[in-house]
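J.: This is the structure, below, for whatever I ask next.
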Amino acid sequence: MYDYSATFACYNNVAYTQQCINSLLQTGFPMRQLVVVDNHSQDDTLDYLHSVNGLHVIANRSNMGCGVAWNQGILALQTEWTVIMNNDIVVSPGWVESLIEQAIQLNLKVASPAYLEGSLNYDFIGSAQQFKQTMHGYARFGYAHAICLLVHRSVWQEVGYFRATPKLLGFEDTIFFNDLRKAGIQQACLANSWIHHFGSVTVKAMNQAHREKTGEKQMANRYNYRVLHQSFLERKWRKFLKKRAISLAKAHELNQFGITLHGVRDETTFRWF
């Protein structure tokens, strides 16, 4: 039995939050191990959250941004493993147990599941099971994503939590992954767990609300990259290395399995990335 919890931040878009929680319930995820942090939603989100039995709800009195909300969720239960995820995902049976189990087997402290995006116009559960069997045991090392991120509690002590500044909206994960790299903490995307992602609806909603209130294009500051303390050339070089590594991994996965750890659903088929 693993000691784990999950948390996500939400802002409006109650339909996606409800779909996410329904997916968790249908796959047996216990609500007592889920913390949802609402960033002052203006729709029916809070009413819905309070109607879910056993769910831990944190209701912020203003939009605190993702970094603050994630930290609140992580600290609320303080389990050995925490999954930080988006509210616009659906999960497959055994997703969290498989993710933790494979992370332990590979001696990883940070890992993400494989994921599918686009329209949910297909049999996700059946496809996830098929893809899991096809790529079982495979890991793409050096790459993880903030759509759904498993983190061992030792990481918080080693590199700290997410930067709790609303102006970093959408950049908190970049800073965190950079801190992991500097600390030499390995990460990977794992094939034994699959999710479906619709497209960062919470961040988009936060930016939209901020734009309507202030007239600014987005909450995040365009100079957020400065907190990385990297020169222009270093940033460009690291982006190049990341793109090349993903391209090589994709080619290897397609050659070995015929699919990759990231698929995008079109009208009738998947495109692989």
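The values are calculated or read from the model by the stated rules, or taken from the named source; none is laboratory data. Just so it is clear, the model here is predicted, and its values are computed rather than measured. Cβ atoms come from the backbone with ideal geometry, glycine included; neighbour counts cover every protein chain shown. Surface accessibility is based on the protein's heavy atoms, side chains included, excluding ligands, DNA and RNA. Shrake-Rupley method; radii C 1.70, N 1.55, O 1.52, S 1.80 Å.
J.: For region 130-150, which positions are outside any loop (DSSP other than H, G, I, E, B) and farther than 13 Å from Gln102 by Cα?
T.: Correct list: Gln130, Phe131, Gln133, Thr134, Cys148, Leu149.
J.: Which residues, counting only those in region 239-272, are free of Cβ contacts under 8 Å to residues at least 60 places away in the same chain, surrounded by 14 or more Cβ atoms within 10 Å (Cβ to Cβ) and among the aromatic types (Phe, Trp, Tyr)?
T.: Across region 239-272, the qualifying residue is only Trp272.
J.: Can you tell me which residue among Val35, Val14 is open to solvent by 10 Å² or more (accessible area, probe 1.4 Å), without any contact (Cβ under 8 Å) to a residue 60 or more places away in the chain and in contact with a helix residue (DSSP H, G or I) (Cβ under 7 Å, 6 or more places away or on another chain)?
T.: Val14
J.: Follow-up. Inside region 65-98, can you point out the residues that are within 17 Å of Leu24 (Cβ to Cβ) and open to solvent by 50 Å² or more (accessible area, probe 1.4 Å)?
T.: Residues satisfying the conditions are Ala76, Leu77, Pro93, Glu97.
J.: Moving on to the next point. Against the conditions (1) surrounded by 15 or more Cβ atoms within 10 Å (Cβ to Cβ); (2) within 20 Å of Ala245 (Cα to Cα), where does Ser127 fall short? Just the number, please.
T.: The one condition Ser127 does not meet is (2).
J.: Return the total of residues in region 226-238 being within 15 Å of Phe177 (Cβ to Cβ) and either surrounded by 12 or more Cβ atoms within 10 Å (Cβ to Cβ) or under 23 Å from the mean Cα position of the chain (by Cα) (or both).
T.: Of the residues in that region, 5 qualify.
Yes/no matrix, rows are residues, columns are (1) in contact with a strand residue (DSSP E or B) (Cβ under 8 Å, 6 or more places away or on another chain); (2) under 25 Å from Arg163 (Cβ atoms); (3) crowded, with 16+ Cβ neighbours inside 10 Å:
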position: Gln42; (1), (2), (3): no, no, no
position: Leu46; (1), (2), (3): yes, no, yes
position: Val52; (1), (2), (3): no, no, yes
position: Asn63; (1), (2), (3): no, yes, yes
position: Ile100; (1), (2), (3): yes, no, yes
position: Leu116; (1), (2), (3): yes, no, yes
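J.: I would also like to ask the following. Looking only at region 137-169, count how many residues are open to solvent by 60 Å² or more (accessible area, probe 1.4 Å) and in contact with a strand residue (DSSP E or B) (Cβ under 6 Å, 6 or more places away or on another chain).
T.: 1
J.: So which of Glu172, Glu253 ends up being modelled with pLDDT under 95, within 26 Å of Ala111 (Cβ to Cβ) and acidic (Asp, Glu)?
T.: That would be Glu172, the only listed residue that is modelled with pLDDT under 95, within 26 Å of Ala111 (Cβ to Cβ) and acidic (Asp, Glu).
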